[in-house]
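K.L.:
Right, I'll just put the structure down here and ask away after.
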Number of protein chains: 2
Amino acid sequence: MNSKLLDLVKKRSTTRIFDSREVNSEDLLYCIRVAIQAPSGANRQPWRFLIIDDPLLRKELREKCEEQEKIFHENVNAELKEWFRSKQIMWHKPHLTSAPSLLAIFSDQNMVYATESTWLAIGYILIVIEEKSLSTVTYTPPHPKGLRELFGSPENFRLETILPIGYSADPKQKEERQSTEKLIYRNRWRELNV
Amino acid sequence: MNSKLLDLVKKRSTTRIFDSREVNSEDLLYCIRVAIQAPSGANRQPWRFLIIDDPLLRKELREKCEEQEKIFHENVNAELKEWFRSKQIMWHKPHLTSAPSLLAIFSDQNMVYATESTWLAIGYILIVIEEKSLSTVTYTPPHPKGLRELFGSPENFRLETILPIGYSADPKQKEERQSTEKLIYRNRWRELNV
């Protein structure tokens, strides 16, 4: 690649507000094609991708998620409650109905390292979404099992994330990152930072 | 990016045999810099990176992992046993001592979505390793807790993977991927494939 991957991932930031432009279905397919090139435990490829474009289903999904979120936000610990407050993140999940595209990603829990492998593929998909100048947020419903009926998904498939995808209209900046010095050790834990 | 991400990830394949060329420490640092640009649950950045270059530590690590692997391979189910056999994957883990670099990645389990976020960052790091023309395998020891003493890592940090990194001398081809048609559904599970 001529331009560096570091530039692309630095540019990427989480987006909860999208403009009205549709996502080209070829672009969405391209993103999934990149994701499934990820390696997986024993090459089991435990991932499934559910494109949700039925407006009624999206309305129901949002309602169910927001019910769950209300309970979650009431019971969250003080530190996280403060973080949500500071970021103005509430139980409302308008992006579930307003984002141009919605992509749910599941993992087959009967496979080895299903969750790990699927999040690895989600890492791939976040980068390719940015390559396509699209944006997303890795939304994780508090109780994914409670959504199974909506999708008709089998018990062994865990809903890992729902990605609202579109062109960003979100004014928020990328969250700050810790410096690598604090995150890298050599040989022994914290013994000698690089 | 001028060349496509799809080409890069298609080219990438898991590598267990490396040639003798050293990995530039700046390249390794660049890879970690890319990884920590990944998003994480509530921006908690639960990841830690441990560079293992002490030969004695690597020898001990390999011994401990191989002990675990012997037991694991004896007890694995028939399907996986057959898969390992077909791929000639055994309990031996020579790459733990022979790979030019070794990078262990941990997640802080006190943070929300620690494992998910860390595997997302591992997805990032696999792509940047390929960008640098380097190769790796996402090696997961069967009993990561049994290695804690070696690293002096605290209880709340889970060892997610150990990445042997170097230039590939592995003749193995990339594992085949299922077609996207089998992996993508629309609105309802398997109701209508795209």
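The values are calculated or read from the model by the stated rules, or taken from the named source; none is laboratory data. Computed from a prediction, not measured in an experiment: that's the story for all the values here. In this analysis, Cβ positions are derived from the backbone assuming ideal geometry, glycine residues included, and neighbour counts consider all displayed protein chains. For accessibility, only protein heavy atoms count, side chains too; no ligands or nucleic acids. Shrake-Rupley method; radii C 1.70, N 1.55, O 1.52, S 1.80 Å.
K.L.:
Shortest first and in nm with one decimal, please list how far the A:HIS73 label point sits from its counterparts in the other copies (point 7 Å along Cα→Cβ).
P.N.:
Inter-copy label distances (nm, one decimal, shortest first): 5.3.
K.L.:
To continue, here is another question. Chain pair A, B: how much accessible area is buried, both chains summed, with a 1.4 Å probe, in Å² to 100? Write out the running numbers ahead of the final one.
P.N.:
Numbers: alone 12550 and 12530 Å², together 17790 Å².
So the total buried area for this chain pair works out to about 7300 Å².
K.L.:
Between segment B:89-136 and segment A:76-141, what is the separation of their alpha carbon centroids in Å?
P.N.:
Segment B:89-136 and segment A:76-141 have Cα centres spaced 21 Å from each other.
K.L.:
Within chain B, which is the longest segment that contains none of the GluC sites (Glu not before Pro) sitting in a DSSP loop with at most 15 other Cβ atoms within 10 Å?
P.N.:
On the way: sites that count: B:GLU22, B:GLU155, B:GLU175, B:GLU176.
Here the longest run is B:23-154.
K.L.:
Sticking with this structure for a sec: If each of B:GLU82 and A:ILE71 carries a label point 7 Å out from its Cα toward its Cβ, how far apart are those two points in nm?
P.N.:
My value for the distance between the label points is 4.2 nm.
K.L.:
List the DSSP H helices in chain A whose Cα atoms stretch 20 Å or more along the helix axis and whose mean Kyte-Doolittle hydropathy is at least 1.6.
P.N.:
Numbers: long enough: A:55-75 (30 Å, -1.54); A:114-131 (26 Å, 1.01).
Both cut-offs are met by no helix.
K.L.:
With a 10 Å cut-off between alpha carbons and a GNM built on chain A, which of A:LEU163, A:LEU183, A:LEU50 moves the most?
P.N.:
Largest GNM mean-square fluctuation: A:LEU183.
K.L.:
Sticking with this structure for a sec: Sorted from shortest, what are the nm distances separating the label point of B:ASN110 from equivalent points in the other copies, each placed 7 Å from Cα along Cα to C-beta?
P.N.:
So the label point of B:ASN110 gives 3.9 nm to the other copies.
K.L.:
Right, another one. If a/c stays under 1.5 just call it rounded; otherwise compare a/b with b/c (prolate if a/b is bigger, oblate if not). Do that for segment B:88-144, with a ≥ b ≥ c from the square roots of the Cα gyration tensor eigenvalues. Could the numbers behind the result be given before it?
P.N.:
Details: a/c = 2.36, a/b = 1.30, b/c = 1.81.
Oblate is the answer for segment B:88-144, as a/c is 1.5 or above yet b/c matches or exceeds a/b.
K.L.:
Something else: Which Cβ of chain A lies nearest the axis of the rotation superposing A onto B, and at what whole-Å distance?
P.N.:
Closest to the axis: A:GLY123, 1.
K.L.:
Related question: Based on the alpha-carbon gyration tensor of segment A:8-171 and its eigenvalue square roots a ≥ b ≥ c, which shape applies: rounded if a/c is under 1.5, prolate if not and a/b is larger than b/c, or oblate?
P.N.:
Rounded, because the longest to shortest axis ratio a/c is under 1.5.
K.L.:
With the Cα gyration tensor of the protein assembly as shown giving a ≥ b ≥ c as the square roots of its eigenvalues, does the rule (a/c under 1.5 for rounded; else a/b larger than b/c for prolate; else oblate) give rounded, prolate or oblate? Can you show the working numbers first?
P.N.:
Working: a/c = 1.58, a/b = 1.44, b/c = 1.10.
Prolate shape, in that a/c is at least 1.5 and a/b is the bigger ratio.
K.L.:
Return the subset of B:LYS64/B:LYS174; A:LYS182/B:LYS145; A:LYS70/A:LYS182 for which the Cα-Cα distance in this structure is over 30 Å, preserving the input order. Walk me through the intermediate numbers first.
P.N.:
Numbers: B:LYS64/B:LYS174 28 Å; A:LYS182/B:LYS145 23 Å; A:LYS70/A:LYS182 35 Å.
Beyond 30 Å: A:LYS70/A:LYS182.
K.L.:
Could you give the length gained on full extension between A:ARG148 and A:LYS4, defined as 0.36 nm per residue of separation minus the Cα-Cα distance, in nm? Numbers along the way, then the final one.
P.N.:
Details: separation 144, 0.36 × 144 = 51.84 nm, distance 3.98 nm.
Result for the pair: 47.9 nm of gain on full extension.
K.L.:
Next question. Per 5 Å bin, what is the whole-percent P(r) computed from every C-alpha pair distance within segment A:1-89?
P.N.:
Here the calculated profile for segment A:1-89 is 3, 8, 10, 15, 17, 17, 18, 10, 2, 0.
K.L.:
Before I look further, what does the protein assembly as shown give for accessible area per residue, probe 1.4 Å, in whole square angstrom? Before the final figure, lay out the partial values.
P.N.:
Numbers: 17790 Å² over 388 residues.
Accessible area per residue: 46 Å².
K.L.:
Which chymotrypsin sites (Phe, Trp or Tyr not before Pro) from segment A:91-124 combine a DSSP loop assignment with at most 12 other Cβ atoms within 10 Å?
P.N.:
For chymotrypsin sites (Phe, Trp or Tyr not before Pro) across segment A:91-124 that sit outside H, G, I, E and B with at most 12 neighbouring Cβ atoms in 10 Å, the list is empty.
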